[in-house]
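Only one structure is covered here, and it is reproduced in the block below.
The values are calculated or read from the model by the stated rules, or taken from the named source; none is laboratory data. Because the structure is a prediction, the values reported are computed rather than measured. Neighbour counts are summed over all protein chains in view; Cβ atoms, including those assigned to glycine, are modelled from backbone coordinates with ideal geometry. Remember, those area values only see protein heavy atoms, side chains included, never the ligands or the DNA or RNA. Shrake-Rupley method; radii C 1.70, N 1.55, O 1.52, S 1.80 Å.
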Amino acid sequence: MAPVKKSKKGKRKSKDSAKLKIVKYGGPPPLPPELRGLDTEWWYTFLHKHAELGHSAPSDEGEAFRYFFRTSRRTFDYICSIVREDLISRPPSGLINIEGRLLSVEKQVAIAMRRLASGDSQVSVGAAFGVGQSTVSQVTWRFIESMEERARHHLVWPGPERMEQIKAKFESESGLPNCCGAIDATHIIMTLPAVESSEDWCDPAKNYSMFLQGIVDDEMRFIDIVTGWPGSMTFSRLLKCSGFFKSCEAGTRLDGPVMVSAENGEIKEFIVGNNCYPLLPWLMTPYVGESLSAPMANFNARQKAARMLGTRALSRLKGSWRILNKVMWRPDKNKLPSIILVCCLLHNIIIDSEDELLPDLQLPDHHDIGYSEENCEQVDPNGKIMRDIITGYLQSYEASH
């Protein structure tokens, strides 16, 4: 994974649509043996408080849980198992609820995940759980620290066997041979104190923002990210600052088996991106121009089908973890990369656990509304040759089938 800027050891109302009025539940259903002993009281208390406030949510209990925390209950319990040791052995100071009892691990994880999922203020999240703003702050940060350290195995570059599966799926879905992933980037918008406001962080849309670049596989799982850089950078410059770029240029990434076309042209491993990125031997971008040949237009259509996985993944990420889609109020720029990373880890855990997100959670529009698309004119001659070889391969393949 490209290096994320390391944090130093150390905040709003969502309007989700397509909700049904919540119903009040009776006692909790029996838990399977492996989950007995876990705290479930917080969930029913949370539901009843939510109903008392007149808010709405899906009436099905399982869907309601996914609506509030984005995961199934079983996946939630798995996440608790990841952080349990840290939250028990190193609990933040003062974690006592209004009834004078220490908060359970499950309730701590629920508070943190609700904060990330809703993007609501710490005061609002705290009110829903019967705790104060400072408790929400402490619990959320301790959860993020633990996940950052213990859940990294959910965001790794695929090994050879898994990469062959990814390439096969990309080819079956888009027709592109030897394609390993799709790249895209998005802005995480924030406000900054006047003393920290600078042109470095002011992006082309006149927002203060931090960049997140992600590469995803065929299932929209992040397999590489880089963040921590100012949103004022271009997509191309962000790419070149990443460890992924340096590895590809050094020949230590995207260095798997080479395909040979019918015309004996070599098709090396590559990823796809839009015209914000340079055309490189390992990064295929679309042809540009008004009078493209039929083979060029065919390449563009297939390249777009693959490339849109990156766009959809970022829309799903920011739709699920709304803290990334709202304007963050004066975040600690040293901590924000950790928040972004943990949201990407949670995104991947949902995919790895084969959970299904509720359909209305993906953003209905593009993940970067208000930003005009950049156009990078850098063309590597070897990248141009590679793209032409792939275009010829697609033409020959379609002619023979």
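Projecting the Cα positions of Met220, Ile271, Cys202 onto the charge dipole of the chain (unit charges on Cβ atoms of Lys, Arg, Asp and Glu, taken about the Cα centre) puts Cys202 furthest along the positive direction.
Heavy-atom accessible surface of the chain, averaged per residue, reaches 44 Å², computed with a 1.4 Å probe. Modelled this way, with points 7 Å down the Cα-to-C-beta line, the labels at Asp360 and Gln395 are 4.9 nm from one another.
Site pair Lys240 and Glu219 shows an inter-label distance of 3.6 nm when each label is modelled 7 Å from Cα along Cα→Cβ. Label reach from Gln378 (point 7 Å along Cα→C-beta): in the stretch 270-298, amide nitrogens under 16 Å belong to 271-286. From most to least packed by mean Cβ count within 10 Å, the peptides 390-398, 108-116, 67-75 give 108-116, 67-75, 390-398. At an R0 of 22 angstrom, the distance between the Cβ atoms of Asp388 and Asp255 translates into a FRET efficiency of 0.55. Apply 1/(1 + (r/R0)^6) to the Cβ-Cβ distance of Tyr78 and Ser291, taking R0 = 35 Å, and write down the FRET efficiency to the nearest 0.05. After rounding, the FRET efficiency stands at 0.05.
Over the stretch 41-153, Cα pairs under 8 Å with separation of 6+ residues give a relative contact order of 28 percent. Only Lys, Arg, Asp and Glu carry charge here, each on its Cβ (+1 for the first two, -1 for the last two); on that basis the stretch 41-153 has a dipole of about 180 debye about its Cα centre. Taking amide H atoms as placed 1.01 Å from N in the peptide plane, the amide H of Cys276 lies under 5 Å from those of Cys376, each 5 or more residues away in sequence or on another chain.
What you get for the chain, charging only the Cβ of Lys and Arg (+1) and of Asp and Glu (-1), is a dipole of about 1500 debye around the Cα centre.
Shown in residue order for the stretch 49-63 are the 3J(HN,Hα) couplings computed by the Karplus curve 6.51 cos²θ - 1.76 cosθ + 1.60 at θ = phi - 60°: 5, 4, 5, 4, 7, x, 7, 10, 6, x, 7, 6, 4, x, 5 Hz (x for Gly and Pro).
With a 1.4 Å probe and every protein chain kept in, tell me what percent of the accessible surface of the chain is carbon plus sulfur. Carbon with sulfur: 52 percent of the solvent-accessible area. Note that the stretch 254-265 has calculated 3J(HN,Hα) couplings of 6, 10, x, x, 9, 8, 10, 6, 4, 8, 6, x Hz, one per residue in order, obtained from phi through the Karplus relation 6.51 cos²θ - 1.76 cosθ + 1.60 (θ = phi - 60°); glycine and proline are x. In terms of accessible area, using a 1.4 Å probe and ignoring ligands and nucleic acids, Lys206, Lys268 rank largest first as Lys206, Lys268.
Report, in listed order, any pair from Lys49/Lys107; Lys240/Lys268; Lys206/Lys384 with a Cα-Cα distance greater than 26 Å.
Details: Lys49/Lys107 14 Å; Lys240/Lys268 20 Å; Lys206/Lys384 34 Å.
Violating the 26 Å Cα-Cα cut-off are Lys206/Lys384.
With the helix formula -39500 (n - 2.57) applied to DSSP H stretches of n ≥ 4, the chain reaches a computed 222 nm mean residue ellipticity of -13500 deg cm²/dmol. For the chain, dividing the convex hull volume of the Cα atoms by the residue count gives 164 Å³ per residue. What the Cα atoms of the stretch 170-224 give is an Rg and a Dmax of 16.7, 52 Å.
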